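K.L.:
Got a structure for you, written out below as structure tokens; questions coming shortly.
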Amino acid sequence: MKVSVIIPVYNEENTIEEIIAKIKEVPIEKEIIVVDDGSYDRTKEILRNIKDIKSIFFDKNQGKGSAIRAGLKLATGDIIIIQDADLEYNPFDYPKLIKPFLKYGKNIAVYGSRFKGGGRFLFLSRLANIILNFFTNLFFGSKISDMETCYKVLPREIMLSLNLKSKRFEIEPEITAKLLKKKIRIIEVPISYQARKAGKKIKAKDGIIALFTLLYYRIA
């Protein structure tokens, strides 16, 4: 199976080259699609000098959701993997994230669970994730442990069928809510995770927006 790795990136001049190098080392068939979300540091310059990737450059910041949706338009792989650019997630987890598709086929989604993998969270981030997981399972009758994980791995056909609308970080609960409403099975796989202390772009208000997004798609 060919994998399309979509990397939304915003001001990650210190990590973007390293994360792409790591992805290239993963022994799977893949394409790398990087969507620069209006960076004003050296990220764009660095990307223009990296070979064998597809790049999209936004003139101004539009948000993670907009970047993912733009990347999907270029994706040609059988499977889509979303990858953050900040080195919190390890691309060498890709093979085990893809493995369930070989066993169960393509009518599933695979989530990389930081909780099942014993990931290292910042305290407030862990608390926010626990709360959002609780309401996700309450609203949709599910039993997932990590709704907000970046590693949402879906067949391209399923991802496109979700008709995603979100522009910013609410893309995470939108994907999950729509999968659960469609009764698509979500299989969780333990992954490694190392939270970074500086440069986090998601804020407290994004947690509140995520909660309202879950509620909206529960009743919509």
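All of the numbers you see were taken from the coordinates with simple rules; none came from a lab. These numbers come from a predicted model, not from an experiment. When we count neighbours, we look across all protein chains shown, and the Cβ atoms used for this are built from the backbone with ideal geometry, even at glycine.
K.L.:
When the Debye formula is applied to the Cα atoms of segment 37-145, each taken as the same point scatterer, what base-10 log of I(q)/I(0) results at q = 0.13, 0.24 Å⁻¹?
P.N.:
-0.73, -1.40
K.L.:
For Lys167 and Glu31, compute 0.36 nm times the residue count separating them, minus their Cα-Cα distance, and round to one decimal in nm.
P.N.:
46.6 nm is the gain from fully extending Lys167 to Glu31.
K.L.:
Between Glu188 and residues 5 or more places away or on another chain, which pairs have amide H atoms under 5 Å apart, with H built 1.01 Å from N, and which residues are they?
P.N.:
Tyr111
K.L.:
In segment 31-51, which residues have a backbone nitrogen under 11 Å from the label point lying 7 Å from Lys205's Cα in the Cα-to-Cβ direction?
P.N.:
Those under the cut-off are none; the list is empty.
K.L.:
I've got another one for you. With labels modelled as points extended 7 Å from the Cα through the Cβ direction, what inter-label distance (nm, one decimal) is found for Ile53 paired with Lys103?
P.N.:
Simple spin-label model gives 3.2 nm for this pair.
K.L.:
If I build a Gaussian network model for the chain, linking alpha-carbon pairs within less than 10 angstrom, which residue out of Ile98, Ile80, Ile208 has the largest mean-square fluctuation?
P.N.:
Ile208
K.L.:
Now a separate question. Find, to one decimal place in angstroms, the Kirkwood hydrodynamic radius of the chain, where the mean of 1/r is taken over every pair of different Cα atoms and then inverted.
P.N.:
Computed over the chain, the radius equals 17.4 Å.
K.L.:
Another question, if that's okay. Would you look at the GNM of the chain, springs on alpha carbons closer than 10 Å, and say which of Leu124, Leu154, Leu72 moves the most?
P.N.:
Leu124
K.L.:
Also: Which length gain, in nm to one decimal place, applies between Arg126 and Glu157 when the Cα-Cα distance is subtracted from 0.36 nm times their residue separation?
P.N.:
Extending this stretch completely gives an extra 8.0 nm.
K.L.:
In deg cm²/dmol and to the nearest 500, what is the mean residue ellipticity at 222 nm of the chain if only DSSP H runs of at least 4 residues count, each as -39500 (n - 2.57), divided by the residue total?
P.N.:
Here the helix-only value at 222 nm equals -12500 deg cm²/dmol.
K.L.:
Under a point spin-label approximation (7 Å from Cα along Cα-to-Cβ), what is the Met1-Leu215 distance to one decimal in nm?
P.N.:
3.6
K.L.:
How many angstrom separate the Cα center of segment 167-187 from the Cα center of segment 111-155?
P.N.:
When both Cα centres are located, 12 Å separates them.
K.L.:
Between Ala109, Ala21, Ala177, find the one with the highest GNM mean-square fluctuation for the chain; connect C-alpha pairs within less than 10 Å.
P.N.:
Greatest mean-square fluctuation among the candidates belongs to Ala21.
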